[in-house]
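Peer 1: Sharing a structure below in structure tokens format, with a few things to ask.
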Amino acid sequence: MVSWAAQYGEERLVQCVSSAKAQAANFPFCPSSSNTGIITVPDPRLNALAGIVNPQRILPTTVEIVDIAGLVKGASKGEGLGNQFLGNIRECDAILHVLRCFDDPNVVHVDGSVDPVRDKEVIDIELQLKDLETVEARLKKVEKQAQIQEKEAKRRLLSRIREALIKGESARTVVTANNDPALLNEFQLLTSKPVLYVCNVEEKSAVTGNAYVEAVRKAVASEDAEVIFVTAAIEAEIASMETAEEREMFLQDIGLKEPGVNKLIHAAYDLLKLATYFTAGVQEVRAWTIHQGMTAPQAAGVIHSDFEKGFIRAEVIAFNDFVTLKGEAGAKAAGKLRVEGKEYVVKDGDVMHFLFNV
């Protein structure tokens, strides 16, 4: 399960897009703790597979959002329970930076006015200050052992990150594909995590966005980060509806193709370079989340570690072939069922069956 930290403003993200009952109130510093929600990842391919296999149950994959509110100026020094919230962020895979992009005199803003670019910069500074504290402490330890080649590489990377942080830049600006992921994970830097900016707009801007959204896009243009916009009030209303028919009619009435939470999850999957494969049988059709580039044994290990350890081979059918040929039997008859070994890199949408030794 993938987890994201969400820094949110006047409405709680988890409450709006999941079944979690988060605290919400009309004052700037509402909660004293984070809230966690489990969100089902929407994927129409599951229903297509189920229509062919007719399983006993359908199991979509899920993601976890840790909704962190109350991160204010001075959080890096412990203001506003900052240390607790920064600790929550450190444990997550990515940051969904949710920005208030609507005017409403009835909803108080902690700084007295609506300015999403300013709000973004406040959070950036607090995370950068905390990372600078971490990096300088690590450098002191590493510099004593710089003669060792491994330690020297660590010192060079830490020095580059320190220079960026002092300039007011995030660690992710100096992190490249050539850096050792294990090394970066060891540092556990807040600003090295991938970020997605989510603009919370009013209902009238739910389809087109507004000037605040454009200001955010301009401000983050150099970050190679995606900006999306959703309307928390609409998401809360959709979440309260009991049937898919109700939700579909509501979306049509307001001119939306899908709920904002769907857009958010798809964008976050791209951000984290995630993919989905499926298992399909009479007992269940199930979606599994993996990182792009995972091999067949690694993907099997997502189900159970024993599957990876004892991996023999995988039987693979591309999703389109499975649907077009009406299932495994049809795909096999048409020569579309492939047997893949340990080096096979799993593709998004693969329908897989693993063979392994216990």
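The values are calculated or read from the model by the stated rules, or taken from the named source; none is laboratory data. As the structure is a computational prediction, the values presented were derived from the model and not from experiment. Backbone-built Cβ (ideal geometry, glycine too); neighbour counts: all protein chains shown. We work out accessible area using only protein heavy atoms, side chains counted, and drop any ligands, DNA or RNA first. Shrake-Rupley method; radii C 1.70, N 1.55, O 1.52, S 1.80 Å.
Peer 1: Would you say residue 161 is at pLDDT 90 or above, open to solvent by 90 Å² or more (accessible area, probe 1.4 Å) and among the hydrophobic types (A, V, I, L, M, F, W, C)? It would help to see each step written out before you state the result.
Peer 2: Working: at pLDDT 90 or above: yes; open to solvent by 90 Å² or more (accessible area, probe 1.4 Å): no; among the hydrophobic types (A, V, I, L, M, F, W, C): yes.
No, not satisfied.
Peer 1: Something else about it: Given the conditions (1) of a type in the set (D, E, K, R); (2) under 24 Å from the mean Cα position of the chain (by Cα); (3) surrounded by 13 or more Cβ atoms within 10 Å (Cβ to Cβ), report the number of the one that residue 257 does not fulfil.
Peer 2: Here residue 257 meets the rest and fails (3).
Peer 1: Here's a check for you: in the stretch 183-221, which residue that is among the aromatic types (Phe, Trp, Tyr) and more than 22 Å from residue 269 (Cα to Cα) is modelled with the lowest pLDDT?
Peer 2: The extreme case among them is 187.
Peer 1: Further, regarding this structure: Could you please tell me which pairs satisfy a Cβ distance under 8 Å, a separation of 6+ or placement on different chains, a first residue in the stretch 82-93 that is within 14 Å of residue 128 (Cα to Cα), and a second residue that is modelled with pLDDT of 75 or more and part of a helix (DSSP H, G or I)?
Peer 2: Within 8 Å, the pairs are 82/126; 86/126; 86/127; 86/130; 86/190; 89/127; 89/190; 90/190.
Peer 1: Taking the residues in the stretch 310-345 that are closer than 14 Å to residue 53 by Cα, in contact (Cβ under 8 Å) with a residue 40 or more places away in the chain and touching a Lys or Arg at 6+ places or on another chain (Cβ under 9 Å) as candidates, determine which candidate is least open to solvent (accessible area, probe 1.4 Å).
Peer 2: Step by step, filter the stretch 310-345, then rank; the result is 322.
Peer 1: Something else: Filter the stretch 209-227 down to the residues that are open to solvent by 50 Å² or more (accessible area, probe 1.4 Å) and over 18 Å from the mean Cα position of the chain (by Cα), then identify the one that is farthest from residue 174 (Cα to Cα).
Peer 2: Taking the candidates together, the pick is 211.
Peer 1: Quickly run through the stretch 307-328 and pick out the residues that are within 30 Å of the chain's Cα centre (by Cα), assigned to a helix (DSSP H, G or I) and closer than 19 Å to residue 344 by Cβ.
Peer 2: 307, 308, 309, 319, 320, 321, 322
Peer 1: Only one of (1) more than 16 Å from residue 189 (Cα to Cα); (2) at pLDDT 85 or above; (3) of a type in the set (A, V, I, L, M) is not met by residue 110, so which one is it?
Peer 2: (2)
Peer 1: Taking the conditions exactly as written (open to solvent by 40 Å² or more (accessible area, probe 1.4 Å) and closer than 28 Å to residue 266 by Cα), does residue 306 satisfy them or not?
Peer 2: Criteria not met by residue 306.
Peer 1: Can you give me the number of residues within the stretch 324-351 that are more than 16 Å from residue 278 (Cβ to Cβ), touching a strand residue (DSSP E or B) at 6+ places or on another chain (Cβ under 8 Å) and aliphatic (A, V, I, L, M)?
Peer 2: So the count comes out to 2.
Peer 1: Residues to consider are 270, 348; find the one that is assigned to a loop (DSSP other than H, G, I, E, B), open to solvent by 70 Å² or more (accessible area, probe 1.4 Å) and not polar (S, T, N, Q).
Peer 2: Being assigned to a loop (DSSP other than H, G, I, E, B), open to solvent by 70 Å² or more (accessible area, probe 1.4 Å) and not polar (S, T, N, Q) holds for just one of 270, 348, which is 348.
Peer 1: Could you please find all residues in the stretch 235-259 being among the acidic types (Asp, Glu) and either in contact (Cβ under 8 Å) with a residue 60 or more places away in the chain or in a helix (DSSP H, G or I) (or both)?
Peer 2: Residues satisfying the conditions are 235, 237, 245, 246, 248, 253, 258.
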